[in-house]
Structures are given as structure tokens and as C-alpha cells.
1. Show the residue pairs meeting these rules: Cβ distance below 6 Å; 6+ apart or different chains; first residue within region 417-432 and within 18 Å of residue 371 (Cα to Cα); second residue assigned to a helix (DSSP H, G or I) and modelled with pLDDT under 70.
2. Pick from region 149-165 the residues that are touching a helix residue (DSSP H, G or I) at 6+ places or on another chain (Cβ under 7 Å) and outside any loop (DSSP other than H, G, I, E, B): which of them is surrounded by the fewest Cβ atoms within 10 Å (Cβ to Cβ)?
3. Can we say residue 70 is touching a helix residue (DSSP H, G or I) at 6+ places or on another chain (Cβ under 9 Å) and surrounded by fewer than 16 Cβ atoms within 10 Å (Cβ to Cβ)?
4. For region 101-142, name all the residues that are touching a strand residue (DSSP E or B) at 6+ places or on another chain (Cβ under 6 Å), surrounded by 21 or more Cβ atoms within 10 Å (Cβ to Cβ) and outside any helix (DSSP H, G or I).
5. So is residue 323 touching a helix residue (DSSP H, G or I) at 6+ places or on another chain (Cβ under 8 Å), surrounded by 12 or more Cβ atoms within 10 Å (Cβ to Cβ), modelled with pLDDT of 90 or more and within 20 Å of residue 384 (Cβ to Cβ) or not?
6. Among the candidates 48, 33, single out the residue that is in the same structural domain as residue 155 (by TED's automatic domain parsing) and over 28 Å from the mean Cα position of the chain (by Cα).
7. Whether any residue in region 397-417 is modelled with pLDDT of 85 or more, out of contact with any strand residue (DSSP E or B) (no Cβ under 8 Å at 6 or more places or on another chain) and in a loop (DSSP other than H, G, I, E, B) is what I want to check.
8. Which one of the conditions (1) in contact with a helix residue (DSSP H, G or I) (Cβ under 8 Å, 6 or more places away or on another chain); (2) under 30 Å from residue 141 (Cβ atoms) does residue 39 fail to meet, given that it meets all the rest?
């Protein structure tokens, strides 16, 4: 048939583009506009072969062959089929397994079945030479495309070049229409600054009750251990505890050093707090607020299993329903359909999608307001459901089946962004 097909070795195309634009073949050094890249490949293939496009096959590797966010974006695009091989790590380096074999099989099958008259190969691997020769024997014209090499290096098998019917080079100008180098100061530069939403979660202040109770717990422990005395680290002698700093802070109106306990410290306050579990702790403004007890549980804690309440949650969040409890069978099907066809799997987007569904299905605003005051803590039942949902999109780091820490912050930041927008909309009167 008078149609063309494009077979893309993504490892070659994007690795060579990274070498050209960023100076090293690491794909993490570039950002890719996949929609623009696919459109560019289609236009170039139809122009070079003078045939309409049948399909673009995108061959890539993925850990455990689980589609990554970029693969999810690609496979729902028009005329694009994604084929995944395995991505394994050996001696500290990632290597693709099965990608060349899949490309060889597709190449020979297309030619044998006369599915097209022209095949465009975007690859540099000489292992595809037998498949290329087989396609030619079946009467298919083979076009070989290369990516402009960095610093004049040759990045394509000479045997492939010699055997191809036509050859073209995708130069820097063409590549930069869809690919950009990330702004990184150098190989020793610090990691990119997280999104403002993630930074907000990391720096969010603790509730005043938690800070006050933690400070009381620390003071009580210090009193019991040292008898109202502190040890001088330099000579080991005891000295009376001074209140000059506290008085100076009170006189100046400035807050003293803030105690920031860990989640486990907070969870165990009922064991050390002098007033006992559930006692009121002083808060700013003269109000009395309950001190956190051993039932307090943060979404980020590890190893703490003691929980209170009938649902295993503190009383203030035990009544919050999960998304599964709010979702009907029909909605569950529609959600899955949206996940497959429209959600790319970007961690921030995943958090937003989950929160949007959760907030839209609440019967009223009481639960939403109740959740908002918990920021940045997500009740563990909802947080666990959120992370399990994120795992569907290949966001596991494949190390003990844990989601990468930065991705977890991004997922929760997306969740809180959506919740914040919803609560802001609820507070805004109609017509404003």
C-alpha cells in the first residue's frame, strides 16, 4: 500500500538529542514537547516519502515495562503506537532490553504483510541491519534518519547508512522545535528548586497546639533528666537554667526558637506531656486548644501504628470519607477511562485529579473545611488511597516499591492546590 510508517527508537532519538543540546546523553537533561515532536515526525515523513502516514511506532524501555507518564501521553495520540521493552539497571547504568528485537519484528512484519510502501527508521543501532535488508527484499523503501551528532561524533551504524535507500539528518534547528535543554548550572549543580506548592508543604508551620505541646514535652523531659539544670557541653559542669532569653522575647514581642518535632515525637506526646493525654495546651491569643495525643498520625510517618478512634483516625478526621466510599460503579468506570485517555501521570497532575474527584463528590462543604485546617497533613486513609492511585501511573521508584520522595511531595502539593482552589471558590459569593 502507498503509505509510510515511522519506527522510532526513543532511546536513540532522545539520547542523541540530549548529547547535542546538553552535552551528555542523559534524557533527564532535556525537556520534550511530545505533541510537537510527533507532529514534526509526521510532517517530515510525509514530505520525504510523499506518502500519507499510516502510523508512528514509538519503541522505548520502561522499568518492568510499566508505562511512564511520557508513554501515557504518547499512546493516546493520534496514529501513535507505543511498544515497551524492559529497562534494567546494571553497574549503576540503565540499559534497554528487548527494544531492538521488537523493532526488528515490527519492521519485518510490516514489510512481509505489505502494510506500507515506505518505512522511516529513526535509529542508529546496527542490530537492525537484518530487518532493514529483509524489508528491502519485500519491496519496501527504507528511509534512515539520524540525529545531528554532538561535536562531529558519528552516532549511527555505517552498515545501516550503507544499506538504507534514503538518509536524512535531523539537525539542531529541527530538534529544538520540540526539545529543550534543561537549565542546569553544571554536573555538580544542586537539584532543581521544587515547585512553590511543594516548597509550601515543606515549610508549612505546625499547628500552634502541636508546637506548644511539643515545647512542653521537651521542657518536661529536660526537667526530669537534669533537675532544672542544663549541662555545659564544653566542660560537663551544671549551670542553672536561665530565663533571660524568654524574658527578652516576651519583652520584644518576638517568638523564641520554634520547636519542630518529628511526626513520631508528636504522636508520643501523650506519654511525656505533664498534663496527660488530651490535656489542653496554651495557644497564642489566650485560647485553649487540645494537645495532640498518641492518636495523631501524619501522612509521612513511619513505624507508628497506635491509632485511636473507631476508624483508626483522630476524632477530628475520622469522619472524612475516602474517594472509594464516594464513588459509584459508574463513576469508577468513567474515572478509569479518564485515567487511560487524558491523565498523563505527572505527579502534580495526579494529585490534582484525585482531589478534584474527591471534592466534587462530597455532599457538602463541612468535610472540605475540616480537611483544609489539617494542612499540610493528609489523613492517612485518604493519603494512602492517594498514593495507591498514583502508583497506577508508573510513579513507583522500583526500590522497595516506594514512590520517590520528590514525587510524593508533588502529588500532595497537587492535592492541596486543588483543595485550596475549591475552598476559595466556596468562600467566594456568587456574582463576585
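The values are calculated or read from the model by the stated rules, or taken from the named source; none is laboratory data. Predicted model, so just to flag it, every value in this text is computed and none were measured. Positions of Cβ are generated from backbone atoms using ideal geometry, with glycine treated the same way; all protein chains shown enter the neighbour counts.
1. The qualifying pairs are 417/197.
2. 159
3. No: the conditions fail for residue 70.
4. Passing the criteria: 116, 118, 119, 120, 121, 122, 123, 140, 142.
5. Yes, satisfied.
6. When all the criteria are applied, what remains is 48.
7. Scanning region 397-417 turns up no residue that is modelled with pLDDT of 85 or more, out of contact with any strand residue (DSSP E or B) (no Cβ under 8 Å at 6 or more places or on another chain) and in a loop (DSSP other than H, G, I, E, B).
8. Tallying (1) in contact with a helix residue (DSSP H, G or I) (Cβ under 8 Å, 6 or more places away or on another chain); (2) under 30 Å from residue 141 (Cβ atoms), residue 39 fails exactly one: (1).
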